Amino acid sequence: DHRDLHSFPTRRSSDLHFPDVNLGKVFPFRLDRRHNVKIALEQQVTPWLELTANWIYATGFAFSLPLEEYYVELPGHDGTVIHRYILNPGPKNRLRMPAYHRLDVNAVIYLGKKKAVHTLHIGAYNLYNQRNPLYYTLQKRLEWEDARNVTEIRYLRQVQMLPFLPSILYSLTL
């Protein structure tokens, strides 16, 4: 679910313009995130129990992927022919990653008060297991139609951030 950024006619302060990049056309800065929200809650439930929760949301950043690949033959210095595959990147940063969001929770339990304080942290990173993409990579696979015909299929593979990750920490303070 990517949006074509060039369909938005207004120029933002985060847009970039260089005469020798993107055919001289304005393009969005890679780290432009329109919205960035962080909500943190902390509650001391009892003298021995503290609960925290952090929710993070950010719109996706701009990125580029090649539009097409084509084959060219170039003349070499010694009269030979050089064969190359060339990628056409298309408009710079024309796509956006999906929105990023996650919820982290933590409970801190304090035990003992005199000479030693035992502290137990029980938490979870990305509690609802949101599959936030870190980036996309262009992959290839071969599909055999019959013994002689093979087709190269290109597809995008999403590389993801950490999934749900529980944690536990015990500490002793004397």
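The phi-based Karplus calculation (6.51 cos²θ - 1.76 cosθ + 1.60; θ = phi - 60°) puts the 3J(HN,Hα) values of region 28-43 at x, 5, 4, 8, 5, 10, 5, 10, 8, 10, 9, 10, 10, 10, 9, 9 Hz, whole numbers, x for Gly and Pro.
Excluding Y155 itself, calculate the net charge of residues whose Cβ lies under 13 Å from the Cβ of Y155, where each Lys or Arg counts +1 and each Asp or Glu counts -1.
Working: positive: K140, R141, R154, R157; negative: E143, E152.
Net charge in that neighbourhood comes out at +2.
Largest GNM mean-square fluctuation among H77, H101, H17, using the chain with Cα springs under 10 Å: H77. Expressed per residue, the C-alpha convex hull volume of region 62-156 stands at 277 Å³.
Charging the Cβ of each Asp and Glu at -1 and of each Lys and Arg at +1, and nothing else, the dipole of the chain about its Cα centre rounds to 840 debye.
Given a Förster radius of 22 Å and the C-beta distance between L134 and Y85 as r, what FRET efficiency does 1/(1 + (r/R0)^6) yield to the nearest 0.05?
On the way: r = 26 Å, r/R0 = 1.19.
The formula returns an efficiency of 0.25 here.
Each Cα pair under 8 Å and six or more residues apart adds its sequence gap; the mean of these over the residue count of the chain is a relative contact order of 18 percent.
Taking only the Cα atoms of region 36-107, the radius of gyration and Dmax are 25.6, 83 Å. Taking the alpha carbon gyration tensor of the chain, multiplying each eigenvalue by 5 and rooting it gives semi-axes of 50, 24, 15 Å, largest first.
Residue order by solvent-accessible surface for S14, S167 is S167, S14, largest first, with ligands and nucleic acids left out and a 1.4 Å probe. Once all protein chains are placed together, Y125 keeps about 60 Å² accessible to a 1.4 angstrom probe.
In the full protein context, region 18-87 carries 75 Å² of accessible surface per residue, based on a 1.4 Å probe and ignoring ligands, DNA and RNA.
The values are calculated or read from the model by the stated rules, or taken from the named source; none is laboratory data. Predicted, not measured: the structure shown is a model, and the values here were computed from it. Backbone-built Cβ (ideal geometry, glycine too); neighbour counts: all protein chains shown. Calculation scope for accessible area: heavy atoms of the full protein, side chains included, ligands and nucleic acids excluded. Shrake-Rupley method; radii C 1.70, N 1.55, O 1.52, S 1.80 Å.
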